[in-house]
Amino acid sequence: MQAWISNFRRVHFYATLCLISLTVGACNSNNSPESVNVSPEAKEVKAEQQDSAKKIAITVTDKGCEAGQITADAGKTIFVISNKSSNPLEFEILSGVKVIGERENIAPGFVQQMKSNLTEGEYDLVCGKLSTPKSKLIVKAASGTDQAKAPDSSQLAAPIAEYKVYVIQETDQLVKNTKTFTDAVIAGDLSKAQKLYAPARVHWERTEPVAELFSDLDNRMDARADDFEKKEADPKFTGFHRLEKALFQDKTTKGTKPIAEKLMKDSLELQKRVASLTIEPKNMVGGAADLIEEVAKTKISGEEDRYSHTDLWDFNSNVEGSQKIVELLRPLIQKANPDLLKRIDDNFATVNQGLTKYKTTDGGFVAYEKVSETDKKGLKTSVTTLAEDLSQLRGTLGVD
């Protein structure tokens, strides 16, 4: 019976991703609320928080959130986000420039849920593209039994401390590699800059759950052209992917010096912010799933490094970053749910096996366009299964 239930959950998860990747109705002609795409975290919400969490409906159009200001009480909250715009959207809750909650790539016509444990204060809501006007979220203090209770995270103190060291080391290496990369760009050495592009991004991708907490730096360093109104022609389109376009599509370094200099400056700023950052349990524990879910939902299509086709470098780095988190949490997961840990380990092994097939002798990877369609489908299946299991870690370890 347990095996049947597990298989049913996986089939449901695959169907969800099918809905995301195709146009509305392509997988199922029934576009009722029951057929909308729901992420693994939303399943956890339904299982664990449905009775206690408050729900807030958010409707997003091409102009942004329909409501310019939303008021909520502090505590556990489920945002039910309906995308009635013409483009996939990103929904974020920002405290200044720090992301405290997000849901990415909600397809047009679909609904996703996002769980958040709100605390009193005033926040910005990002509803759509980076150029879309923001809305306000006003969170009022709750009282009595409605007040949110933070989970006991004392058992996570040591893993979080070790993860902080890891993130600092990776960020330091990001700065070093970005300096070498941008120096080649500024010097006009096209061939060298092309070779250094993918290695420079490795350390960003390993620590992406932390790097993405700083929305301003994330938008300048790692945003894709689709995030901007004028796409590639938008002057706000900068960072790694703007340089990638110049190097691999336009095959030139002409005019890229200011962009390279800005990327280097932003890398140093990220290094500075990470050093003083307090990593919250939800960012670390949830980060293991976030890294893999992003691969499953968007990167597997080849859209991340569309000009250079170095996607496998990013996939592998995401997997390495996720595995690092699991290794640090291993004793806690083993104690709480050894069967889940066994599945996660097995799934990591399967994903790594698929990636190893396309490694090159110099430690890199072949261009993504050289991966067979059969292997792409197999990789998507294994990554999706891994993402489903990793999404259970927050609930397993009691982290909101």
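Please list, in chain and number order, the residues 5+ apart from ILE58 or on another chain whose amide H is under 5 Å from its amide H, with Hs placed from the backbone. Amide H neighbours of ILE58: VAL80, ILE81, SER82.
Charged neighbours of GLY302, selected by a Cβ distance under 11 Å, balance to -3 (K, R count +1; D, E count -1). Here the 3J(HN,Hα) profile of region 270-278, calculated from phi with Karplus coefficients 6.51, -1.76 and 1.60 at θ = phi - 60°, is 4, 4, 5, 5, 4, 4, 9, 7, 8 Hz, Gly and Pro shown as x.
Taking a ≥ b ≥ c as the square roots of the Cα gyration tensor eigenvalues, with a/c under 1.5 meaning rounded and otherwise prolate when a/b beats b/c, else oblate, which class fits region 246-400? Cα axes put region 246-400 in the oblate bin.
Once the Cβ-Cβ distance between ASP362 and ALA161 is put in as r, and R0 is 56 Å, what FRET efficiency do you end up with, to the nearest 0.05?
After rounding to 0.05, the efficiency reads 0.95.
Measure up LYS115/LYS164; LYS164/LYS230; LYS176/LYS236; LYS136/LYS257; LYS84/LYS115; LYS63/LYS236 against 30 Å on the Cα-Cα distance and list the ones that go over.
Numbers: LYS115/LYS164 24 Å; LYS164/LYS230 37 Å; LYS176/LYS236 25 Å; LYS136/LYS257 37 Å; LYS84/LYS115 20 Å; LYS63/LYS236 19 Å.
Check vs 30 Å cut-off fails for LYS164/LYS230; LYS136/LYS257.
Under 19 Å from a point 7 Å along the Cα-to-Cβ line of SER154: which residues of region 381-400 have their amide N that close? Hits in region 381-400 for SER154 at 19 Å: 397-400.
Look at ASP311, ASP73, ASP189, ASP362 and count the other Cβ atoms within 10 Å of each Cβ; fewest to most, that gives ASP362, ASP189, ASP73, ASP311. Charge tally for GLU122 (other residues, Cβ to Cβ under 13 Å; Lys, Arg +1; Asp, Glu -1): +1. Inter-label distance, LYS63 to LYS136: 1.8 nm, where each label sits 7 Å from its Cα along the C-beta direction.
Given a cut-off of 32 Å, name the pairs among LYS179/LYS231; LYS195/LYS297; LYS254/LYS376 whose C-alpha atoms lie farther apart than that in the structure shown. Don't skip to the end; give the middle numbers.
Details: LYS179/LYS231 26 Å; LYS195/LYS297 27 Å; LYS254/LYS376 35 Å.
Listed pairs above 32 Å: LYS254/LYS376.
Only the coordinates and a few stated rules stand behind these numbers; no lab work does. If you're wondering where the values come from, they're calculated on a predicted model, not measured in any experiment. Cβ atoms come from the backbone with ideal geometry, glycine included; neighbour counts cover every protein chain shown.
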